[in-house]
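Novice: The structure is given below, and queries will be raised subsequently.
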């Protein structure tokens with residue numbers, strides 16, 4: 001067999017193998033912006049949480065916005081971790097790379113805790129989250145919203161990104177089919193964005209070492225926006241509607 005024929009066969013088989021592989025192009029990382037890491041100082045105080053317990057909360061700082069894709073990519077690259085799986089939002093392909101201002105999703109509590117540590121931060125506790133969300137709210141917070149009374153569920157009246165009218169087919173009445181850019185809606189009395197809706201948020205419960213999910217999300221109904229609504233998330237679990245914000 002001639003040298004040229006051998007070379008032809010090698011090139012031919014390399015091309016065939018290459019055709020069977022999907023080429024994934026990862027865009028260059030964008031620099032973290034100043035707004036991505038703004039923290040709001042929350043003064044300490046005593047409040048009655050959604051379980052009816054009177055709790056004292058020490059002063060702390062809470063991130064103004066939910067962690068967005070741009071910030072999480074920076075944190076993940078610092079830790080040399082795989083990037084989150086694409087949530088498969090229709091019309092929003094390559095969500096993690098092409099939508100840097102949107103909240104990161106498909107991140108497990110384990111990775112969220114690790115990412116927070118890169119900035120010397122942590123997940124807020126459930127009591128811290130409820131306390132910050134209830135600033136300026138009087139009375140029993142269990143079935144109230146971080147903005148107080150819920151505005152009429154009609155554009156432009158919706159105060160958060162959630163399943164408008166509690167109807168999956170009409171969930172875009174708030175302007176978005178899925179998540180929205182962080183900070184798209186009015187801030188809470190405490191100066192925090194998206195405490196309800198957009199991405200639901202992981203919080204820690206030190207007493208029983210569990211992770212709770214607070215605040216509801218773009219994929220949940222109106223009642224899930226209340227301060228007392230919660231779900232549990234396994235330490236290694238991910239989903240397309242849960243993200244997080246940092247505390248320190």
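The values are calculated or read from the model by the stated rules, or taken from the named source; none is laboratory data. All figures in this text were calculated on a predicted structure; none of them were measured in a lab. Positions of Cβ are backbone-derived with ideal geometry, glycine not excepted, and every protein chain shown enters the neighbour counts.
Novice: Filter the range 31-50 down to the residues that are touching a residue at least 24 places away in the same chain (Cβ under 8 Å) and more than 30 Å from residue 77 (Cβ to Cβ), then identify the one that is surrounded by the fewest Cβ atoms within 10 Å (Cβ to Cβ).
Specialist: Filtering the range 31-50 for residues that are touching a residue at least 24 places away in the same chain (Cβ under 8 Å) and more than 30 Å from residue 77 (Cβ to Cβ), the one surrounded by the fewest Cβ atoms within 10 Å (Cβ to Cβ) comes out as 45.
Novice: Would you mind stating whether residue 233 is within 21 Å of residue 65 (Cβ to Cβ), within 14 Å of the chain's Cα centre (by Cα) and in contact (Cβ under 8 Å) with a residue 40 or more places away in the chain? Working first, answer last.
Specialist: Numbers: within 21 Å of residue 65 (Cβ to Cβ): yes; within 14 Å of the chain's Cα centre (by Cα): yes; in contact (Cβ under 8 Å) with a residue 40 or more places away in the chain: yes.
So residue 233 passes the test.
Novice: Right, here's the next one. Determine, yes or no, whether residue 110 is in contact (Cβ under 8 Å) with a residue 60 or more places away in the chain, surrounded by fewer than 22 Cβ atoms within 10 Å (Cβ to Cβ) and part of a helix (DSSP H, G or I).
Specialist: Details: in contact (Cβ under 8 Å) with a residue 60 or more places away in the chain: yes; surrounded by fewer than 22 Cβ atoms within 10 Å (Cβ to Cβ): yes; part of a helix (DSSP H, G or I): yes.
So residue 110 passes the test.
Novice: I need the full set of residues from the range 61-105 which are within 30 Å of residue 42 (Cα to Cα), in contact with a helix residue (DSSP H, G or I) (Cβ under 9 Å, 6 or more places away or on another chain) and either without any contact (Cβ under 8 Å) to a residue 24 or more places away in the chain or in a loop (DSSP other than H, G, I, E, B) (or both), in order please.
Specialist: 64, 65, 67, 99, 100, 101, 102, 104, 105
Novice: Considering each residue of the range 169-185, count those that are touching a residue at least 12 places away in the same chain (Cβ under 8 Å) and over 20 Å from residue 63 (Cβ atoms), and give that number. Full working, then the answer.
Specialist: Here is the first cut: in the range 169-185, the ones touching a residue at least 12 places away in the same chain (Cβ under 8 Å) are 171, 173-185.
From the residues that got through so far, the ones that are over 20 Å from residue 63 (Cβ atoms) too are 171, 173-178.
Matching residues across the range 169-185 total 7.
Novice: Would you call residue 189 surrounded by fewer than 18 Cβ atoms within 10 Å (Cβ to Cβ), under 28 Å from residue 52 (Cα atoms) and either in contact with a strand residue (DSSP E or B) (Cβ under 7 Å, 6 or more places away or on another chain) or touching a residue at least 40 places away in the same chain (Cβ under 8 Å) (or both)? Spell out the reasoning first.
Specialist: Details: surrounded by fewer than 18 Cβ atoms within 10 Å (Cβ to Cβ): yes; under 28 Å from residue 52 (Cα atoms): yes; either in contact with a strand residue (DSSP E or B) (Cβ under 7 Å, 6 or more places away or on another chain) or touching a residue at least 40 places away in the same chain (Cβ under 8 Å) (or both): yes.
It is true that residue 189 is surrounded by fewer than 18 Cβ atoms within 10 Å (Cβ to Cβ), under 28 Å from residue 52 (Cα atoms) and either in contact with a strand residue (DSSP E or B) (Cβ under 7 Å, 6 or more places away or on another chain) or touching a residue at least 40 places away in the same chain (Cβ under 8 Å) (or both).
Novice: Right, here's the next one. Sort out which residues of the range 208-221 are over 14 Å from residue 133 (Cβ atoms), outside any loop (DSSP other than H, G, I, E, B) and modelled with pLDDT of 90 or more, and write them in order of number. Break it down stepwise before answering.
Specialist: At the first step, the residues of the range 208-221 found to be over 14 Å from residue 133 (Cβ atoms) are 208-211, 217-221.
With outside any loop (DSSP other than H, G, I, E, B) added as a condition, the list becomes 210-211.
Residue satisfying the conditions is 211 alone.
Novice: Moving on. Please enumerate the residues belonging to the range 169-207 that are at pLDDT 95 or above and not in a loop (DSSP other than H, G, I, E, B).
Specialist: 200, 201, 202, 203, 204
Novice: Can you give me the number of residues within the range 19-39 that are at pLDDT 95 or above and either assigned to a loop (DSSP other than H, G, I, E, B) or in contact with a helix residue (DSSP H, G or I) (Cβ under 8 Å, 6 or more places away or on another chain) (or both)?
Specialist: Filtering the range 19-39 for residues at pLDDT 95 or above gives 31-39.
Now restrict to residues that are either assigned to a loop (DSSP other than H, G, I, E, B) or in contact with a helix residue (DSSP H, G or I) (Cβ under 8 Å, 6 or more places away or on another chain) (or both): 31-33, 36-38.
Result for the range 19-39: 6.
Residue by residue, here is whether (1) at pLDDT 95 or above; (2) more than 19 Å from the chain's Cα centre (by Cα); (3) under 26 Å from residue 170 (Cβ atoms) holds:
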| site | (1), (2), (3) |
| --- | --- |
| 82 | yes, no, no |
| 87 | yes, no, yes |
| 99 | yes, no, yes |
| 113 | yes, no, no |
| 116 | yes, no, no |
| 123 | yes, no, no |
| 143 | no, yes, yes |
| 148 | no, yes, yes |
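Novice: Go through the residues of the range 117-124 one by one and say whether even a single one is surrounded by 24 or more Cβ atoms within 10 Å (Cβ to Cβ) and farther than 23 Å from residue 58 by Cβ.
Specialist: In the first step, residues of the range 117-124 are kept if they are surrounded by 24 or more Cβ atoms within 10 Å (Cβ to Cβ); the result is 124.
Checking the rest, the ones that are also farther than 23 Å from residue 58 by Cβ come to none.
Looking through the range 117-124, none of the residues is surrounded by 24 or more Cβ atoms within 10 Å (Cβ to Cβ) and farther than 23 Å from residue 58 by Cβ.
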